[in-house]
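Here is the structure we will look at, set down as structure tokens.
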Amino acid sequence: SLSCMVVSLATNPWVLLIGFGIIGGVGFGIVATHVVAAAVARVYPGHVGFASGIATSGSTAGQFLIVPLIAVLLTSFSWRWGFAGLAIGTALMIPLVWFVPDDGQSNRSHTVTSQNWKSDLKKLCTSRVFHLLFWSYLICGYTTSGVIETHLLPYASYCGFEPVPSATAYGLLSAVNLIGMIGVGWLADRMNRPLLLGLIYIIRGLTFWVLLNVGTSYETLLLFAVLFGIVDYSTVPVTTSLVASHLGLRVVGLVMGLLTAGHQVGAAIGASLGGYFFTRDSAYDLVWMSSLALAIIAGILVFLLKDDPGRKSLELATST
């Protein structure tokens, strides 16, 4: 809320950098899907995929409702009113959070100490499972928050579409995203998860081919929104389920935090390179082509995992 308010009042680039890049970076990082997924995994250990899919789908539901509204504020008033509206809306959510019970507390088997934290981190650094999930999730950040959430609307404008139709397409993407997260979360509890996650990445990669061929066709942009929406944030419930089963429920919060940090590194690279490529080439082709290739690589990495790890190595190693 504070970040959006500072941005709405910004009068020079430094205020914008501090408000959005620093204050916003901390705020967006703290309130993110990994915190929700970790908490839900503790409460519903037998249905991690489905439960985390439902819980984290709220982020996409918010985009479905808010992005078109922000577009109206932008076209009717100014970008400052758009950020001010976000600041007010976020502030109104604060009292609601106070009424949410911390049910995960009852599932904590021991007190976390700095020694446990360091030991867990050391084991994760040598874990093949962790590295496969980490690097694939970093690529996930590149292909979602990095290039799509940052550059899709500018690309739509580049193709000649007005702000409201462009935001409507993004809202459609978010609506389908919600369905995809819940549906894939349900599947994650019932089928081979590395196969499911790998297919999600590969299908996501192929959707960028559709984006490359949008041209001036609004129907093609809507087709991309539907296809990409299905495989956008649907990686979250499957990844959370794999973390819980392969690395242990006790460390799911730490692992999801590390994976999300990697996700954001990938997002930063995607956002920055996207801007650089467009500035250099006056086109987004290289942005979408790199995303296509990287998403397929992420799928191949995930295919190297086994669905049944045999034992929860980290959880068992530190349970005493």
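The values are calculated or read from the model by the stated rules, or taken from the named source; none is laboratory data. If you're wondering where the values come from, they're calculated on a predicted model, not measured in any experiment. Cβ sites come from the backbone with ideal geometry, for glycine too, and all protein chains shown count toward neighbours. These accessible areas exclude ligands, DNA and RNA; they are computed on the full protein's heavy atoms, side chains included. Shrake-Rupley method; radii C 1.70, N 1.55, O 1.52, S 1.80 Å.
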Original post:
Does segment 274-282 include one or more residues that are in contact (Cβ under 8 Å) with a residue 40 or more places away in the chain, touching a Gly at 6+ places or on another chain (Cβ under 9 Å) and not in a helix (DSSP H, G or I)?
Top reply: no
Subject >> Of all residues making up segment 246-258, the number that are touching a Leu at 6+ places or on another chain (Cβ under 8 Å), crowded, with 24+ Cβ neighbours inside 10 Å and in a helix (DSSP H, G or I) >> reply: 3
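Matching residues to (1) closer than 23 Å to Ser290 by Cα; (2) not aliphatic (A, V, I, L, M):
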{"site": "Val210", "(1), (2)": "yes, no"}
{"site": "Asn213", "(1), (2)": "yes, yes"}
{"site": "Thr216", "(1), (2)": "yes, yes"}
{"site": "Ala225", "(1), (2)": "yes, no"}
{"site": "Tyr233", "(1), (2)": "yes, yes"}
{"site": "His246", "(1), (2)": "no, yes"}
**OP:** For segment 84-92, state whether one or more residues are in a loop (DSSP other than H, G, I, E, B), in contact (Cβ under 8 Å) with a residue 24 or more places away in the chain and open to solvent by less than 60 Å² (accessible area, probe 1.4 Å).
**Re:** no
Original post:
Only one of (1) open to solvent by less than 80 Å² (accessible area, probe 1.4 Å); (2) among the β-branched types (Val, Ile, Thr); (3) modelled with pLDDT under 95 is not met by Val302, so which one is it?
Top reply: (3)
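From the list Val243, Val226, pick out the single residue that is in contact (Cβ under 8 Å) with a residue 40 or more places away in the chain and open to solvent by 40 Å² or more (accessible area, probe 1.4 Å). Write out each step before concluding.
Working: Val243 fails: open to solvent by 40 Å² or more (accessible area, probe 1.4 Å).
Answer to the selection: Val226.
Picking from Val265, Val287, which residue would you name as being open to solvent by less than 30 Å² (accessible area, probe 1.4 Å) and either modelled with pLDDT of 90 or more or not charged (D, E, K, R) (or both)?
Values: Val265 fails: open to solvent by less than 30 Å² (accessible area, probe 1.4 Å).
Result: Val287 is the single residue among Val265, Val287 that is open to solvent by less than 30 Å² (accessible area, probe 1.4 Å) and either modelled with pLDDT of 90 or more or not charged (D, E, K, R) (or both).
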Subject >> Number of the condition not met by Met191 [criteria: (1) within 17 Å of Ala244 (Cα to Cα); (2) part of a helix (DSSP H, G or I)] >> reply: (2)
Original post:
How many residues does segment 188-203 contain that are open to solvent by 50 Å² or more (accessible area, probe 1.4 Å) and aliphatic (A, V, I, L, M)?
Top reply: 4
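To keep it simple, each residue is scored yes or no on (1) surrounded by fewer than 18 Cβ atoms within 10 Å (Cβ to Cβ); (2) at pLDDT 85 or above.
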residue: Leu16; (1), (2): yes, yes
residue: Gly27; (1), (2): yes, yes
residue: Gly46; (1), (2): yes, no
residue: Gly53; (1), (2): no, no
residue: Ser59; (1), (2): no, no
Original post:
Has segment 113-136 got at least one residue that is modelled with pLDDT of 85 or more and within 23 Å of Val31 (Cβ to Cβ)?
Top reply: yes
Original post:
Quick check, is Ala32 in contact with a Pro (Cβ under 8 Å, 6 or more places away or on another chain) and closer than 28 Å to Gly229 by Cα?
Top reply: no
**OP:** Determine if segment 215-238 includes at least one residue that is modelled with pLDDT under 95, farther than 22 Å from Ala175 by Cβ, more than 13 Å from the chain's Cα centre (by Cα) and in a helix (DSSP H, G or I).
**Re:** no
